[in-house]
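Have a look at the structure below, then the notes.
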Amino acid sequence: MAKKTWSDLSPGQQRAVVVAGAVETVLTGLALADLAKRPADQVRGPKGLWLLAAFVQPVGPLAYLTLGRR
């Protein structure tokens, strides 16, 4: 199967890709902003590890926002 290019996608598929990218960007931004403001004693585990995890899409930001904060 040949690799699809952007122009091979239907308009609905293109919208879905853009929306998913926007959601990932917002979640990552929220996680990073919260991590920067939150004191270390209110974070489960090392802040540096959560910082790295925030860039593992889409699991990292979701994990931090649901499990990483006290």
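Since every read-out is calculated from the coordinates, none of them should be taken as a lab result. Everything quoted here is computed from the prediction, not taken from an experiment. Using ideal geometry, Cβ is built from the backbone for each residue, glycine included, and neighbour counts are taken over all protein chains shown.
Any chance you could give the angle, 0 to 90 degrees and rounded to 10, that helix 11-37 forms with the longest Cα principal axis of the chain?
The helix 11-37 is inclined about 10 degrees to the chain.
Please compute the Kirkwood hydrodynamic radius of the chain from all pairs of different C-alpha atoms, in Å with one decimal.
Value: 13.5 Å, from the Cα pair sum.
With charges set only on the Cβ (+1 for Lys and Arg, -1 for Asp and Glu), what does the dipole of the chain come to about its Cα centre, in debye to the nearest 20?
Here the size comes out at about 140 debye.
Could you work out the Rg to Rh ratio of the stretch 22-62, with Rh taken as the Kirkwood radius (inverse of the mean 1/r over all Cα pairs)?
That ratio is 0.96, to two decimals.
Amide H neighbours of ARG69 under 5 Å, counting only residues 5+ apart in sequence or on other chains, H built in-plane at 1.01 Å?
Those qualifying (amide H under 5 Å, at least 5 residues apart or on another chain) are ARG44.
Per-residue HN-Hα couplings for the stretch 54-68, Karplus 6.51 cos²θ - 1.76 cosθ + 1.60 at θ = phi - 60°, whole Hz, x for Gly and Pro?
Once θ is set to phi - 60°, the couplings for the stretch 54-68 become 4, 9, 8, 8, x, 5, x, x, 5, 5, 5, 5, 9, 10, x Hz.
Packing-wise, with mean Cβ within 10 Å as the measure, how do 18-26, 42-50, 61-69 rank, highest first?
Highest-to-lowest ranking by the protection proxy: 61-69, 42-50, 18-26.
Relative contact order, percent, of the stretch 10-68 when contacts are C-alpha pairs under 8 Å separated by at least 6 residues?
Once divided by the residue count of the stretch 10-68, the mean separation gives 33 percent.
Below 22 Å, Cα to Cα, which lysines can LYS37 reach? Residues fewer than 8 away in the same chain don't count.
Within the straight-line cut-off, LYS37 pairs with LYS47.
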